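Participant: Sharing a structure, written as structure tokens. Questions coming.
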Amino acid sequence: MEQTPNQQTPHKRRVHYSGKYPKKFEEKYKEQNPEKYADTVAHVIEKGSTPAGMHISIMVDEILDFLQIKPGQRGLDATLGYGGHTRRMLEKLEGRGHIYGLDVDPIESEKTKERLRKLGFGEDILTVKLINFANIDEVAKEAGKFDFVLADLGVSSMQIDNPERGFSYKIDGPLDLRMNPQKGSSAAERLHEITQEEFVGMLVENSDEPYAEEIAEKVFFRMRQGNPMDTTTALREAIEAALIYLPKAERQDAVKKSCQRTFQALRIDVNSEFEVLHSFLEKLPGVLNPGGRVAILTFHSGEDRLVKRSFKELCKQGIYSEVAREVIRPSAEECRSNGRARSTKMRWAIRSEEE
């Protein structure tokens, strides 16, 4: 039956934000449409910020200098994310060769695939797979061995900035922290599955949290009192309360760092990040062609220790012919223009020419 004018769904106008530049993620529609609002995006980047829904790739030049990508080669971006690194690597192939991009985030990987398709990178040169990079051996069975591999272990800005994903203590949202929100337990659920003592261990092991005992005690006390720990705000407020005894002059900085470390520890646990990285490093030599190159970006000491130890041990065994003796860091200029680059460390390895 045809609708009368009164029955038709009214047009819903987009909410306009107050002021010139919005603060809420859902209002930043200009930043989330870089093709349409290039001037706005350029302004945000110029200020040293990352536009909402976007991710600025880190150490691109250093990665490309090391990987030495040549037309016709086969490569793997083990952590596709926003696709910035992948795009630059695809350009190096000059239309010949192939890159496989892996990601576990069904929301962002689909957006990235569509974005790269629009730039002209079709199925003939780019394959995007919704798979954890711990399973690179399965990808290699289908694709063959790789001439170059990149793994950027950082959380993408699109995930951090979106309050619905629960990655940031600065924005109120559900305490989720899953890379794939369709699988596994959320961070809120994990807090109900573990004991107070286990939470202390998680904070120490995953983020070297100096106030682990105090934070765990306050979080579990509040939960026992019937206060749900199911939002980012609830957890942040529990951390603030746990550190209230600190002198006022040092409290603000201590709370900020403890929030960062606590969210990091939960994220690592929820996504089994250390186990996944260990599996990836163990399988990595088996998916590289002789002379194949791998670059890995890490963002905290736990990750860097695992990568350093693996590369060093496999180099001793002759599996890698050469590995980075020291970490490579982003330039001071890059850190100024992109604050999220500051904690980045890059390590690399070259597969031995002998199988």
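None of the figures in this text is laboratory data; all of them are computed from the coordinates on show. Since we're looking at a predicted model, the values are computed, not measured. Virtual Cβ from ideal backbone geometry, glycine too; neighbours counted across all protein chains shown.
Participant: Kirkwood hydrodynamic radius, segment 212-310, all distinct C-alpha pairs: what's the number in Å?
Facilitator: That comes to 16.2 Å for segment 212-310.
Participant: Can you give the net charge of the other residues whose Cβ lies under 14 Å from the Cβ of R222, counting K and R as +1 and D and E as -1? Before the final figure, lay out each step's value.
Facilitator: Numbers: positive: K218, R224, R236; negative: E214, E217, D230, E237, E240.
Around R222, the charge tally is -2.
Participant: Take the cross-link list K92/K312; K113/K345; K129/K183 and give me the ones stretching past 18 Å between alpha-carbons.
Facilitator: Flagged as over cut-off: K92/K312; K113/K345.
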